[in-house]
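Data block below; observations after.
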Amino acid sequence: MQDVVIVGGGPAGLTAAYEIIRRDDLDAKPIVFEAGDRVGGISRTEDYKGYRFDIGGHRFFTKIKEVEDIWKEVLEEDFISVQRVSRIYYRGRFFDYPLKIFNALTNIGIYESFRILLSYAKWKVRPSQVEDNFEQWVMNRFGGRLYMHFFRSYTEKVWGIPPSSIRADWAAQRIKNLSLSRVVWNALTGANDTASLIEEFQYPRLGPGMMWERTSEIVNASGGEVHLHTHVGKIYRDGNRVTHVDATTTDDNGDVTTRKVPVDHLINSMALHDLIHSFDPPPPDHVIKAADRLNYRDFLIVTLILKVSDPFPDNWIYVHSPEVRVGRIQNFRAWSPEMLPDEDTASIGMEYFCQINDSLWTMADEDLMDLARKELAAINLANVDDVIDSKVIRQPKAYPVYDGDYAEAVDVLEKWISLLENFQTVGRNGLHRYNNQDHSMLTALYAVDNIAGGNHDIWNVNVERSYHEEMETDK
């Protein structure tokens, strides 16, 4: 029996483990090493005093049948159908999203709406001939005025860099098949010919972590292994073949043990930067330098417990206004009532995009709670004294950044990694590709099929097969 070591217990890693145990043509055992205290990666569900909350909301909607089949196999009847309710907060007003024409006109005004249309016409007649960055890409499709209102401020908040510094291929991946004419048509008619702006989606009744907790249980019960609190430090190779890894486990008493684990095949989902620095012997200098050029955006969520129920109806709200630092607000009861232990309270996730060691990341938890409740009140969604408790979760390397250096750097890494005979890398950070969990799962399915003799190019998985949210940053 072959040992398939899997680094990371998120959607990609656990999908690979699950696929290994259910395939009859593979005589293999999955061994998953997850550094955290629970599985799911950024798709996990945290728990605090009975309140369950996501690291950002995660809808379960896909065009990939293989992925949908796994969801149904694992959770069976534990999915619920959720009606989408979401808005944009901008300039002190709430805009329905997807847009509704009368709501949009009332909020932005007839005069400004006319200016948006004129700007759109201008860019259609004289588009930018260069389309290298996000700003150019969006202006060519929506005009400069709409870009200024609904793209620039939120994009800067999410990524912490000017939109002109973000590659156009990120926009092409995340905002496909949508234009101002389609937005207006949908808003006028109520039609929705853009598949991703779905009005209803599936969601595990106890949050997305329920999916990965159950998957982990199935893997363990079927002869595989899922190890928590276990960090893979070194990945040893003999030429182009991985031979074993150092797995360091910290137990409940804080005692640390490291063991060398033999590898027949290795599937990685840790961030490419960390991966390259894990190899022993190390890759060539130009590969290490390429890895060091990759950047990431970090994230934290301040979950506020309120002594009132249902302060607003939305599943989530995008906060475009630069006057507050919060980027998105989740209402976890609107995702599933079972996420809360007390129906007379509310659980509100205040999401902040940041960098490790910046002023937000290093702020004390008590100060973050104070900031979050003041900003919730500033947006008129609750009163400051409604907040009775809070929990802060920090998530490093939440999003791979598509800056001017990333494409060339990833190309260098891909060429070197492809030389390894028994090694594959999958998932969002494992490929430095901003994708949703269904796409991450698909890369894992292909990796397992490659072990069985397939010939999939994981780096060029057809992204058209996966679901992408339009005009927004999803997780």
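Looking at the chain, the DSSP beta bridges with both ends there are about 70 percent antiparallel. Listing 115, 373 from fewest to most neighbouring C-beta atoms within 10 Å gives 115, 373.
Here's the picture: a label point sits 7 Å out from the Cα of residue 310 along the beta-carbon direction, and within segment 316-354 the residues with their amide nitrogen under 17 Å of it are 316, 331-348. Estimated at 0.36 nm per residue, the fully extended path between residue 356 and residue 161 surpasses their Cα-Cα distance by 68.7 nm. Only Cα pairs under 8 Å and 6+ residues apart enter the sum, and on that basis the relative contact order of segment 1-134 stands at 13 percent.
Fewest-first ordering of 316, 170, 361 by other beta carbons within 10 Å of each residue's beta carbon gives 361, 170, 316. Basic side chains Lys and Arg get +1 at the Cβ, acidic Asp and Glu get -1 at the Cβ, and with that the dipole of the chain about its Cα centre reaches some 1880 debye. Ordering 160, 305, 442 by the projection of their Cα atoms onto the charge dipole of the chain, which places +1 on the Cβ of Lys and Arg and -1 on the Cβ of Asp and Glu, puts 160 at the extreme positive end. Under the rule that an exposed site lies in a DSSP loop and has at most 12 other Cβ atoms within 10 Å, name the longest stretch of the chain with no GluC sites (Glu not before Pro) of that kind, not counting the sites themselves. Between the exposed loop sites, the longest stretch runs 1-198. Would you mind getting me the FRET efficiency between residue 125 and residue 102? Use the beta-carbon distance for r and R0 = 45 Å, nearest 0.05. It comes to 0.95. For the listed residue pairs 100/391; 49/374; 65/100; 63/391; 157/397; 157/391, the alpha carbons are over 28 angstrom apart in 100/391; 65/100; 63/391. For the pair residue 421 and residue 148, the difference between a 0.36 nm per residue extended length and the Cα-Cα distance amounts to 93.5 nm. Taking every DSSP helix (H) stretch of at least 4 residues in the chain, weighting each as -39,500 (n - 2.57) and dividing the sum by the residue count yields a mean residue ellipticity at 222 nm of -9500 deg cm²/dmol.
Quote the relative contact order of the chain in percent (integer), defining contacts as alpha-carbon pairs under 8 Å separated by 6+ residues. Don't skip to the end; give the middle numbers.
Numbers: 961 pairs, mean separation 112.7, N = 475.
Relative contact order comes out at 24 percent.
Considered as an equivalent ellipsoid built on the Cα gyration tensor, segment 357-413 has semi-axes of 35, 13, 9 Å, the largest given first. Rg over Rh for segment 47-167 works out to 1.08, using Cα positions for both radii and the Kirkwood form for Rh. P(r) tail, segment 319-399: Cα-Cα pairs separated by more than 16 Å, 55% of all pairs. Spacing of the modelled spin labels on residue 261 and residue 452, each 7 Å from Cα toward Cβ, amounts to 2.2 nm.
Counting neighbouring Cβ atoms within 10 Å and putting the fewest first, the residues 205, 297 line up as 205, 297.
Every number here is computed from the coordinates shown, using simple stated rules; none is lab data. Keep in mind that this is a model prediction, so the values were computed, not measured. Cβ atoms come from the backbone with ideal geometry, glycine included; neighbour counts cover every protein chain shown.
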